[in-house]
Structures are given as C-alpha cells and as structure tokens.
C-alpha cells in the first residue's frame, strides 16, 4: 500500500529487479577518453577525467525513477559526486540562472534545469548503480541523476555542463515537446504544439496522418476507421471512444496516448511506440502489436473507481510479442496473458 502512495499520478511500478531501457542504448563512438567539463558562466572552467571523478569524495543517493512513459522504479541506489561539489570548484557567476547538461550521444542529447532547482534537488553526477559501475545501456560511465523530475532530466552519458543566463531547451524538450518542468506529481509530460488547423482539418477529412506531428491532438468520439497514421507523432493524443477499426499506426509514436473505449479491431501497431498508452475498455481483437514497445501500457484498471473503463478486449487474434509483455507491470502481464489465452480474468 505504501508503494502505491509513493507513485505520482498515472504511474505504474515496473516488475521487481527490472530497469527498462529508454532511448539510445550506447554513447556516441569516440576515441577520446571520457571527461566531464564545466563551462559557461563560471569564474573557473574546469575539466575532470573519469579517474579524477572516481577519486573524488562520493555520496550514496536512493531515488525513485519516474519515466515520462508512465513506469516507475522505486528505491534505486546511485553513487557519485554531488553536482554542487563540481560547481563549488568552478564558482558560478551571479548571472548564471540555468544549467545545461550535454551528452556524448549520436543525437547530441541535452537537457536543462533552473540552477536553483538543480541545487535544491541535490543533483548527482552518478558513477555507480546498486554498487556496480553504471552500465553504458543505462548512461554509464557517467550520467546525471536528478530526483523529483521525470527521468529524461537525468541525462545519460554526461560530457559537458554549461551555466547559462537564459534557459536553453534540451533535445527532448525541443524535438519531442517534453515539458521543461518535468514534475511527475503535476504530470508535466508534454507541451501541446500549436497545431496548424488547416493541415489538421485536411488530414481528418482524408483520414491520413502519415508522418504528421499531431501531438496532444484531441479526437475524442470521431469516426476514423481505416485511418492511416503510419509514422505519425501522436504523443498524448486523445482517441477516447474513437472508431479506429483497421487503422494503421505502424511505426507511429503513441506514447501516453488515451485510447480508452476505442474500437481498434484489426488495427496495426507494427514497430510502434505505445509506451504509457492507455487501452482500458478498448476493443483490441485482431489488433497487431508485433514489434511494438509497450512499457507502461495499461490494458486494465489497476483498481476500481468512478473513472473505471473496465478491461480492454483481447483474445487469441490479438498479436503481442511475448518479450514485450515481459515489460508490463505484473498485474498487466497477468491480464494480457490470460486474455490472449482465452482464460478467465476473474
């Protein structure tokens, strides 16, 4: 019961011992030895090698990981150097109000925080996880760990830190529309883009969203049978009670989308991202999720309540990879496996 109370709204616990991999799985290839530099609005820019960081006084932090795609991992143990220790040596200038973290990654990932927030949240330059060297797949050898924010603020493969007078949106905020605040208790997941109304109107009329960015679209109650949304960006879109029979969402991004009560019979989600999507009460008979990523996806209510939609409808004609089911929470795994096998769900 206490664990449930520790979860921000609409988050689900991952199975014990699991830490899902999100985003790129390895840093950018480089022959350069790993270093972390601090620059920008500081009196004394400085660079540390990995060995120098390892030799510095370190601390242990126990934090709860909350992923924007609706899964949480409680009580993760990290060891590393407090960010404040590095900044003390570099002496931020008075005009420094924001801090930007930059990664050694293929897509040059970055993110930012108000400097005051980074210090208040006791941000950690992490080197170890659960007593072992941090694996590359989880951001090693060096990553940021920032408690109290969605985990996209905890940048993997940290290489540079910059102090700034004005905020500079990072990769996820700029390219994916993630909320710069990233407060999981306030569900600051995405900022809705300014949709081009004419483009949207034409797309709805043709039922063709191919490759479109319609993040946070509100399409509740529409008839969009046979919609072609291949490769579309539909994060946090609302498709509640929509007729989407035989729709194509192949290679689309539907993370955190609302699909409760929708008709998705024979719809396809081949290689799609539906992490954190909600399918409560949806008809998924004949739907194909082959190759789809479904971390944090909801197929049935975790608990009954006034806003309950009931369970989604799955049967032997619904196709979901067994490996993908393993990434669901235990209760969702049980429900999906029983439904696919035609077993009672009572």
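Numbers for the structure displayed
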{"quantity": "Net length gained if the chain between residue 326 and residue 169 were fully extended (0.36 nm per residue, minus Cα distance)", "calculated": "53.1 nm"}
{"quantity": "Shape of region 230-335, Cα gyration tensor, a/c cut at 1.5", "calculated": "rounded"}
{"quantity": "Bridge type composition, the chain - antiparallel percent by DSSP, nearest 5", "calculated": "60 percent"}
{"quantity": "Length released on extending from residue 135 to residue 28, taking residue separation times 0.36 nm less the Cα-Cα span", "calculated": "37.1 nm"}
{"quantity": "Top of 336, 274, 21 by mean-square fluctuation, Gaussian network on the chain, Cα under 10 Å", "calculated": "21"}
{"quantity": "Within a Gaussian network of the chain (alpha carbon springs, distance under 10 Å), most fluctuating of 61, 246, 186", "calculated": "186"}
{"quantity": "Packing-based exposure ordering (other Cβ within 10 Å, fewest first) of 142, 325", "calculated": "325, 142"}
{"quantity": "Sites residue 16 and residue 59 - FRET efficiency at Förster radius 22 Å, r taken between beta-carbons, to 0.05", "calculated": "0.30"}
{"quantity": "Principal-axis tilt of helix 197-206 within the chain, Cα atoms, nearest 10 degrees", "calculated": "40 degrees"}
{"quantity": "Packing-based exposure ordering (other Cβ within 10 Å, fewest first) of 223, 273", "calculated": "223, 273"}
{"quantity": "Value of relative contact order over region 192-346, rounded to a whole percent, pairs C-alpha under 8 Å and six or more apart", "calculated": "14 percent"}
{"quantity": "Chain lengthening between residue 6 and residue 51 when straightened (0.36 nm per residue, less Cα-Cα)", "calculated": "12.6 nm"}
{"quantity": "For region 207-266 and region 23-89, distance of Cα centres in Å", "calculated": "38 Å"}
{"quantity": "Region 2-186, relative contact order in percent, only Cα pairs under 8 angstrom and at least six apart counted", "calculated": "26 percent"}
{"quantity": "Taking the chain and dividing mean pair separation by its residue count, relative contact order in percent (alpha carbons under 8 Å, at least six apart)", "calculated": "12 percent"}
{"quantity": "Helical mean residue ellipticity (222 nm; -39500 (n - 2.57) per DSSP H run of 4+; nearest 500) of the chain", "calculated": "-4000 deg cm²/dmol"}
{"quantity": "The chain: angle of helix 330-340 to the longest principal axis, Cα-based, in degrees nearest 10", "calculated": "30 degrees"}
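Taken together, the values in this text are just the output of simple stated rules run on the coordinates, not laboratory data. This is a predicted model, so every value here is computed, not measured. Cβ: placed from backbone, ideal geometry, glycine included. Neighbour counts: every protein chain shown.
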